[in-house]
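The structure appears right after this line, and notes come after that.
The values are calculated or read from the model by the stated rules, or taken from the named source; none is laboratory data. All figures in this text were calculated on a predicted structure; none of them were measured in a lab. Here the Cβ positions follow ideal geometry from the backbone for every residue, glycine too, while neighbour counts run over all protein chains shown. Heavy atoms of the whole protein, side chains included, go into the accessibility calculation; ligands, DNA and RNA do not. Shrake-Rupley method; radii C 1.70, N 1.55, O 1.52, S 1.80 Å.
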Amino acid sequence: MKKILFLLIGIASVSSCTKDFDAMNVDPNNPTALNPQYLLPYGIEKAIDRSWGGRDRFERLNLDGAMLWMQYLTRNIYSNEGDNYGLSVAFYNNNWKALYNDGLVNFQRMVTLSQPGAKFQNANYEGIAMVMRTWTFSLLTDLYGPIPYTEALKGTAEQPIYSPAYDGMDKVYAGMLADLKTANEKLSVTGPAVSGDILYNGDILKWKKFANSLRLRLANRQAAKKSAESRAIMAEILGDPSKYPIFTSNADNASLKTTEVLSSNNELYLVMINDSRTDWNVSKTLVDKLTELSDPRLMVYAQPNKDGKYQGHANGLPDAIATTYLATSSNIGTYFIQKTSPEVVMTYGELNLILAEAALDGDITGSAQAYFEKGMTASFEQYGLKMTDTYLKTVGAISREKLMEQKWIALFGQGLEAWTEYRRTGLPVLPAKDPRAVFENDGVLPTRLPYPTSEASLNNANLEKGIALIGGKNDTKSKLWWSEK
């Protein structure tokens, strides 16, 4: 009997241990589901850092790509790192990987964890994550063209998808515009508080403004291809400012709040000051245009050289020539290379220039000239400068050429946006290439980035379908869907 009793007690003990085993073996220091407040700052910082600078050599999306192609900056050495239109494999491989893995995966996790009925249910986290997810997707599709979108980010879903299909840009844009509308509805100034917000410090009204301003950017970008849909979106937003608030001043600008802490410094500071890189000067194109207009933003965008002059040199010069300008061409302005300089995503000035274009095209009501002047004024004020009647008279009446030229000037630092607008409109007209310059890509300014080599090995069947959507060539000359030229 004693043996039977001990056996029963043993069975009961094992059963009890097994019942509580999962709870007993959860490590509180290694949670399986992170609170969205920890995912948010990581995702924001990683995605915006990629768009603004990028510290790793051969991966600097803005510095060694768009800022050179749009002739804001130029190289004084290593002209083959972007300035001559040449790209390293790491440039298009690692930026694709980072934007998906460091940005989108974390924003998607936030949506999953904070949606109704989820572990950390919070509509404001969900809305913020949808806005940031949309902005990151917009970067990817504007960089590469068709991308995995509707089937992306489902590797850990109940029915996982490991080889996602590529969606055409028209479908991606439709999804992004719809998501921004949904995000605005979810975001509530009377809703639950959020933490870890390094973009707006938990100010939900500003997140709503960003969502709707970004929606206007995307609607305007596709307007030549989907006129009716874009006009309806613009009318909806501008017709109900209480429901769909937008930026109303520079205080609403979407920009990453960088810090004095090394890991969270401004990326341009990290490259040019902390890493002591002096590879870039201001382009002659920028200096010449701002000098022609007597534009005081030149003193913000550039530093005077040793002779007290603002001077640039041409893009695409081979190293033997470019290095001779190292001591005479201006460096980028000190405003942009401080530890805590903001990393800009979208501004009030850009929004007004978007609305100026929409009004000029008849997509919205209102004065195109008034929006044009508000956009220029906001750009000046962004840098503590005062707009003058003399400058407005110098620029004169709005035209598409003048509008896109002013947008190019206002987007200094935001090279990716300027590059996208140039590829979309063909404006501003860039000067003829310097006869000493040597360019790759048959002298064609890149129109897109090639898909990463990893897609050929991991998702080749869908990759081939994606390439077919842009004409069958995975090159840097294919035009993207929103191109008007």
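Annotations for the structure displayed:
- Of all residues in the stretch 278-295, none that is under 18 Å from Lys407 (Cβ atoms) has its Cβ atom under 6 Å from the Cβ atom of a residue that is among the acidic types (Asp, Glu) and modelled with pLDDT under 95, 6 or more apart or on another chain.
- Filtering Lys374, Lys386 for residues that are without any contact (Cβ under 8 Å) to a residue 12 or more places away in the chain and either in contact with a Phe, Trp or Tyr (Cβ under 7 Å, 6 or more places away or on another chain) or surrounded by 15 or more Cβ atoms within 10 Å (Cβ to Cβ) (or both) leaves a single hit, Lys386.
- Pro148 vs. criteria open to solvent by 10 Å² or more (accessible area, probe 1.4 Å) and either in contact (Cβ under 8 Å) with a residue 12 or more places away in the chain or small (Gly, Ala, Ser) (or both): no
- Any chance Lys257 is open to solvent by 20 Å² or more (accessible area, probe 1.4 Å), of a type in the set (Lys, Arg), touching a residue at least 40 places away in the same chain (Cβ under 8 Å) and farther than 25 Å from Arg400 by Cβ: yes
- Helices (runs of 4 or more DSSP H) lying entirely in the stretch 60-171 (those with 1 or more residues that are of a type outside the set (A, V, I, L, M, F, W, C) and under 21 Å from Val444 (Cβ atoms)): 89-98, 123-144
- Any hit, the stretch 441-448, residues being farther than 19 Å from Gly375 by Cβ, among the small types (Gly, Ala, Ser), modelled with pLDDT of 95 or more and surrounded by 17 or more Cβ atoms within 10 Å (Cβ to Cβ): no
- The set of residues in the stretch 326-385 being touching a Pro at 6+ places or on another chain (Cβ under 9 Å) and either of a type in the set (Gly, Ala, Ser) or assigned to a helix (DSSP H, G or I) (or both) consists of Ser330, Phe380.
- Screening the stretch 267-302 for residues that are open to solvent by less than 50 Å² (accessible area, probe 1.4 Å) and assigned to a loop (DSSP other than H, G, I, E, B) and picking the one that is nearest to Thr340 (Cα to Cα) gives Arg297.
- Every residue from the stretch 193-228 that is in contact (Cβ under 8 Å) with a residue 60 or more places away in the chain and open to solvent by less than 10 Å² (accessible area, probe 1.4 Å): Leu199, Trp207, Phe210, Ala211, Ser213, Leu214, Leu216, Arg217, Leu218, Asn220, Arg221, Gln222
- Residue check: Leu238 meets all listed conditions (1) at pLDDT 95 or above; (2) out of contact with any helix residue (DSSP H, G or I) (no Cβ under 6 Å at 6 or more places or on another chain); (3) within 22 Å of Phe336 (Cβ to Cβ); (4) open to solvent by 10 Å² or more (accessible area, probe 1.4 Å) but one, namely (3).
- Failed item in (1) β-branched (Val, Ile, Thr); (2) open to solvent by less than 50 Å² (accessible area, probe 1.4 Å); (3) assigned to a helix (DSSP H, G or I), with Ile470 passing the rest: (3)
- Filter pass, Leu143 being at pLDDT 95 or above and open to solvent by less than 40 Å² (accessible area, probe 1.4 Å): yes
- Restricting attention to the stretch 288-306, the residues being within 19 Å of Ile321 (Cα to Cα) and within 26 Å of the chain's Cα centre (by Cα) number 0.
- Filter result (touching a residue at least 40 places away in the same chain (Cβ under 8 Å), hydrophobic (A, V, I, L, M, F, W, C) and open to solvent by less than 30 Å² (accessible area, probe 1.4 Å)) within the stretch 89-112: Phe91, Trp96, Ala98, Leu99, Leu104, Phe107, Met110
- Selection status of Gly362, more than 20 Å from the chain's Cα centre (by Cα), surrounded by fewer than 23 Cβ atoms within 10 Å (Cβ to Cβ), on the phi > 0 side of the Ramachandran plot and not aromatic (Phe, Trp, Tyr): yes
- Residue identified as at positive phi and open to solvent by 10 Å² or more (accessible area, probe 1.4 Å) among Gly117, Gly155, Gly175: Gly117
- Remark: Tyr391 falls outside the filter, which requires a residue to be among the aromatic types (Phe, Trp, Tyr), within 27 Å of the chain's Cα centre (by Cα), part of a helix (DSSP H, G or I) and at pLDDT 95 or above.
- Leading residue by the ranking (farthest from Gly396 (Cα to Cα)) among those in the stretch 303-327 that are free of Cβ contacts under 8 Å to residues at least 24 places away in the same chain and open to solvent by less than 70 Å² (accessible area, probe 1.4 Å): Ala327
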